[in-house]
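Structure first, commentary second.
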Amino acid sequence: MGYTIAQKIIKAHLLSGDMTVGSEVGLKIDQTLTQDATGTMAYLEFEAIGVPRVKTEKSVAYIDHNTLQTGFENADDHRFIQTVCKKHGIYFSRPGNGICHQVHLERFGKPGKTLIGSDSHTPTGGGIGMLAIGAGGLDVAVAMGGGAYYISMPKMVRVNLTGKLQAWVSAKDIILEVLRIMSVKGGVGKIIEYGGEGVKTLTVPERATITNMGAELGATTSVFPSDEITRSFMKAQGREEDWIELSPDADAVYDEVIDIDLSKLVPMAACPHSPDNVKTIEEIGPQKIDQVCIGSCTNSSYLDLMRVAAILKGKTVHPDVSLAIAPGSKQVYNMLAKNGALADIIEAGARILECACGPCIGMGQSPNSKGISLRTFNRNFEGRSGTRDGQIYLVSPETAAASALTGVFTDPRTLGEAVNIPLPEKFDYNDNMVAAPASEEEMDSVEVLRGPNIKPYPSTAPLAENIDVPCSLKVGDNITTDHIMPAGAKILPLRSNIPAISEHCFTVCDKDFPARAKQLGSSIIVGGVNYGQGSSREHAALAPLYLGIKAVVVKSFARIHRANLINAGILPLTFVNEADYDSISQGDELSLPNVRQLIADGKTELTLINKTTGKEIPVLCELSGRTKDIILAGGLLDYTKHNG
């Protein structure tokens, strides 16, 4: 039996475990990336581990999230990250150089290599044949120190692409179709691998759009073959020597196969408030819009913005629409400026933002009250835009640009003959905004600079013998990390200050939660299906840790968040019978007797006692030998310190 692309990369990087679906495997990590919203904590954790210099082939820190400097906090964090990088062997991508995933794809990613990043959209690297996985900051810190990265061996799903996209239909419409088919939880425990003749019709930027937004499936990652199209892209970036060919074996076996005929796809949109709430533009109809935002790590490539410029050229944005555009990298921005496309965009009335995440992470450009905003982004969770009642739709750049001109949802196929934008034979690359680290001889003389907003990792303790605490919060299905730990311009600057950021924990759901949790001292949270979907932000585990959360009991978890809870020493429990969710109310007194001994003995089924009602509730605590030891130790940081 042959191997899939992902299985080949896993096999080549396997440090422990076997490749049986569901079993834990430890992988050697070649590259890491961080961004500044998660990076400060990741580097504080790296310092705590005590390894003097990173042991990866390449580690890069990007400044792309917290670039709105309305106070000293973000600037201080950037300075801290820059000095940590210089001291410990990490490359530093300065503010303005671009969004981590776009820049990493352009300048550093290599087919066949492993990459983990403290950002859930790290799978963008799968567009060039990397095994690129989003992870918590502590997992990244451990990998930088030379440790393995552990996942449960995923199932393999092949998405078989046939045919060719019709004019004005784009890669964004492909991933929206996959989301429509699979849903935001359909990829959990799976790697999505794209194949078929249709793959040859897609450029690397188009492939990267698909792998980027594959994060919304809940998938471990997504990956494309590395072929001659990949080679051409890397040659144009001056990195042909980094290319290798990578494809599945002819007799590779997949657990699931999905067939998509590209020629039958039409322009689509993900409607509020979930990326899988997909309808065609035709179904939505000519509804009035208020705002259009084009950019983010999903759709800010040279190819995307050249198509947008061609649509806007010689026209004017509708007077009732605010159009904002953020290029994904300095490379893209420079090339648009030099070839005149930027002038076409500006002349049409677009507002040009810096090369950063910006509106996608809630850093500015919040829509008006109840405003309808079309965005080329990857997430449209309620409140993420910064406007609580904003109506956010996710669309392709082509649909976004066409709609910006008309003021209503517009099918770009009405524009007539499609523009043909070829990728350049040579990109305009210049890495002058990437600072190399100090040499090993110079590193000891580098001073790490810390601002007053940077606080240490929350205190931890080994798992208690018994847990007897109340339920401080009960929430429903599809709770995202944006619900748990909101983003936005007011909260993101607190990412290196867990005591301060914890004041905002779960306030989207219950504004009184932080105060209640602190008053209780210790407590348990109860949730529904797909708890913790969305961003990889470990703050969604660290803030609950700080607030005294000892366990989270849910119907099911999203992969990264469950891992982050374990890393923080918080017990991740699932109901054996989902109906038992209804037997717990907020305020009920809950008990897990003899929990430490049971977990130490390898028991996977525990009994949660609702002392308020007297009901005994069976719950699963499925931990491997390693994750069991992490929980017993009080978290990954303590485990790593004691085990090397």
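The values are calculated or read from the model by the stated rules, or taken from the named source; none is laboratory data. Since the model is a prediction, treat every value here as computed from it, not as a measurement. With ideal geometry, Cβ positions are generated from the backbone for all residues, glycine too; neighbour counts draw on all protein chains shown.
Computed values, structure above
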| item | result |
| --- | --- |
| Residues of region 341-375 satisfying the condition of being within 15 Å of D290 (Cα to Cα) and in contact with a Ser or Thr (Cβ under 6 Å, 6 or more places away or on another chain) | G349, S366, P367, L374 |
| Residue in region 288-296 that is part of a helix (DSSP H, G or I), under 18 Å from A401 (Cβ atoms), more than 20 Å from the chain's Cα centre (by Cα) and among the basic types (K, R) present | no |
| Residues of region 386-417 classified as more than 19 Å from N212 (Cα to Cα) and part of a loop (DSSP other than H, G, I, E, B), total | 11 |
| Matching residues in region 282-324 - criterion: being β-branched (V, I, T) and within 26 Å of V204 (Cβ to Cβ) | V292, I294, T298, V308, I311 |
| Every pair of residues 6+ apart whose Cβ atoms lie under 8 Å, when the first sits in region 483-505 and is assigned by TED's automatic domain parsing to the domain that holds G534 and closer than 11 Å to A540 by Cβ while the second is small (G, A, S) and in a loop (DSSP other than H, G, I, E, B) | I484/G532; P486/G362; P486/G383; A487/G362; A487/S535 |
| Residues satisfying the stated conditions in region 375-420, i.e. aromatic (F, W, Y) and at pLDDT below 95 | F381 |
| When residues of region 497-546 are limited to those that are modelled with pLDDT of 95 or more and among the charged types (D, E, K, R), the one farthest from H483 (Cα to Cα) | K518 |
| Residues (touching a Gly at 6+ places or on another chain (Cβ under 9 Å), closer than 17 Å to L33 by Cα, in contact (Cβ under 8 Å) with a residue 60 or more places away in the chain and not hydrophobic (A, V, I, L, M, F, W, C)) located in region 52-66 | R53, K55, T56, S59, D64, H65 |
| Helices (runs of 4 or more DSSP H) enclosed by region 539-644 - at least 2 residues per element that are free of Cβ contacts under 8 Å to residues at least 40 places away in the same chain | 559-567, 595-600, 625-633, 636-643 |
| Matching entry among G383, G416, G371 (being at positive phi and touching a residue at least 12 places away in the same chain (Cβ under 8 Å)) | G383 |
| Boolean, V419 is outside the structural domain of C297 (by TED's automatic domain parsing) and in contact with a Ser or Thr (Cβ under 8 Å, 6 or more places away or on another chain) | no |
| Residue check for D249: in contact (Cβ under 8 Å) with a residue 24 or more places away in the chain and in contact with a Gly (Cβ under 8 Å, 6 or more places away or on another chain) | yes |
| Breaking point among (1) farther than 30 Å from V51 by Cα; (2) buried (at least 16 other Cβ atoms within 10 Å of the Cβ); (3) touching a helix residue (DSSP H, G or I) at 6+ places or on another chain (Cβ under 6 Å), for K615 | (2) |
| Failed condition for C360, given (1) in contact with a helix residue (DSSP H, G or I) (Cβ under 7 Å, 6 or more places away or on another chain); (2) surrounded by 20 or more Cβ atoms within 10 Å (Cβ to Cβ) | (1) |
| Residue in region 523-536 that is aliphatic (A, V, I, L, M), out of contact with any helix residue (DSSP H, G or I) (no Cβ under 9 Å at 6 or more places or on another chain) and outside any helix (DSSP H, G or I) present | yes |
